[in-house]
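Read through the structure below, which is laid out as structure tokens, and then see the notes.
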Amino acid sequence: MTGWKLDEVYKTSAGSVAAGRIGSGPDLVLAHGWPWSSFSWHRVIPELATSFTVHWYDMPGYGKSEKRLDQKTSLDMQGAVFAEMMTQWGLSKPRVIAHDFGGATTLRAHLLHGCEFEKYLLMNVVAMRPWGSEFFDHVGRHVDAFQGLPPHIHKAIVGAYIKGALVNDIPPEDFDALVAPWLTEEGANSFYSQFAQADEKYTADIEPRFGELRCPVKIIWGEDDPWIPLDRGRALHQRIPKAEFATIPGAGHMPQLETPAAALQEFLSFL
């Protein structure tokens, strides 16, 4: 089974987007978060593609999608772009798996832009305030001081930041592929731009509407997530009490890379 690839390009209101799809069966869309890309799904895509037509894309400003200095890539724009991609792919009611900022992105698409989902799985998502680590907040307040750093220092910052999400070792080639998009000049500019554009108002907009979700929902959480602790997942479940809830023991913020077999079991049991 062929795996993850980016061989499609689409124009969106936030710039061109790199995308891919494989498989056959019901449509399934994977929504990545920050500072990741669709590559973060590459270890689970082959198995998912045996049952579904799996779609993915790099959000504007991420991965291999367009990055530019004046680009708006905040969560309000990402929610709108997700809705645009559903139209461009011709999807009316796909299944959706969302991770990290992909949670707020797809929640906004569903609650504010009218996207309908057949089933909806939220994994270690940004969905409720407060969000962001101390480092995240610090960089957001001092973006100018970080932009223009020597490349080796910037690379060390990106690597340390990504390692901070993990509690398990992942293959070195996976780690390098997560870091790589941020190491070009345009990637470095985009990396710090994401901090500058982060604003909790984009989840405040939708938090009161979680009871309006129009599809079956499952929330899963890596139990040892150092970025968004398990109690945040439980708090989200309280806001969506009809949702299923499950945890993945021994996983950090990235179950799809840290414990892919366990993540797949949760995905497939629900989808």
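Using Cα-only point scatterers and the Debye equation, what is log10 of I(q)/I(0) for the stretch 1-71 at each q in 0.14, 0.22, 0.24, 0.28 Å⁻¹, rounded to two decimals? One equal scatterer on each Cα of the stretch 1-71 leads to -0.41, -0.89, -1.01, -1.24. Computed across the chain, the Kirkwood radius stands at 18.4 Å (inverse of mean 1/r, all Cα pairs).
For Asp225, the residues whose amide H sits under 5 Å from its own are Leu230, ignoring neighbours fewer than 5 places away on the same chain, with H placed 1.01 Å from N. Using θ = phi - 60° in the Karplus curve 6.51 cos²θ - 1.76 cosθ + 1.60, the 3J(HN,Hα) couplings for the stretch 150-157 round to x, x, 5, 6, 4, 4, 5, 5 Hz; x is entered for Gly and Pro.
Each residue, Gln238 and Asp169, gets one label point 7 Å from its Cα in the Cβ direction; the gap between the two is 3.9 nm. Only Lys, Arg, Asp and Glu carry charge here, each on its Cβ (+1 for the first two, -1 for the last two); on that basis the chain has a dipole of about 560 debye about its Cα centre.
Computed from backbone phi, the HN-Hα couplings of the stretch 117-134 come to 10, 6, 9, 9, 10, 10, 10, 6, 9, 7, 9, 9, 6, x, 9, x, 6, 4 Hz, rounded to whole numbers (Karplus: 6.51 cos²θ - 1.76 cosθ + 1.60, θ = phi - 60°; Gly and Pro given as x). If the segment from Asp137 to Glu212 were pulled out straight at 0.36 nm per residue, it would be longer than the present Cα-Cα gap by 24.0 nm.
Pairs of Cα atoms nearer than 8 Å and 6+ residues apart set the relative contact order; for the stretch 1-99 it is 34 percent. Please state the shape class of the stretch 164-229: rounded when a/c is under 1.5, otherwise prolate if a/b exceeds b/c and oblate if not, all from the C-alpha gyration tensor. In terms of gyration-tensor shape, oblate. Among Ser51, Ser193, the sequence by solvent-accessible area, most first, with a 1.4 Å probe is Ser51, Ser193. Once the stretch 27-130 is represented by equal point scatterers at the alpha-carbon sites, with solvent omitted, what log10 I(q)/I(0) does the Debye formula produce at q = 0.13, 0.17, 0.22 Å⁻¹? For the stretch 27-130, the Cα-only Debye profile gives -0.42, -0.73, -1.25. Proximity of backbone amide H atoms, modeled 1.01 Å from N, is registered between Thr53 and Ser24, Gly25, Asp27, Leu28 at under 5 Å, excluding neighbours fewer than 5 places apart on the same chain. Separation of the alpha carbons by more than 29 angstrom is noted, of Lys64/Lys242; Lys72/Lys155; Lys67/Lys119; Lys119/Lys201; Lys201/Lys242; Lys11/Lys218, for Lys64/Lys242; Lys67/Lys119; Lys11/Lys218.
For the stretch 194-260, the Cα-based Rg and Dmax, in that order, read 13.5, 35 Å. Under the criterion of Cα pairs below 8 Å and six or more residues apart, the relative contact order for the stretch 71-173 equals 23 percent.
Computed from the alpha carbon positions, the gyration tensor of the stretch 144-271 leads to an equivalent ellipsoid with semi-axes of 31, 21, 12 Å, biggest first.
Taking amide H as placed 1.01 Å from N in the peptide plane, Asp100 has its amide H under 5 Å from the amide H of Met123, Val125, Val126, each at least 5 places away in sequence or on another chain. In sequence order, the stretch 26-31 has phi-based couplings of x, 6, 9, 10, 9, 10 Hz under the Karplus curve 6.51 cos²θ - 1.76 cosθ + 1.60, θ = phi - 60°, and Gly or Pro positions carry x.
The values are calculated or read from the model by the stated rules, or taken from the named source; none is laboratory data. Just so it is clear, the model here is predicted, and its values are computed rather than measured. Glycine also receives a Cβ, built like all others from the backbone with ideal geometry; neighbour counts cover every protein chain displayed. For the accessible areas, the whole protein counts, side chains as well, though only heavy atoms, and no ligand, DNA or RNA atoms are used. Shrake-Rupley method; radii C 1.70, N 1.55, O 1.52, S 1.80 Å.
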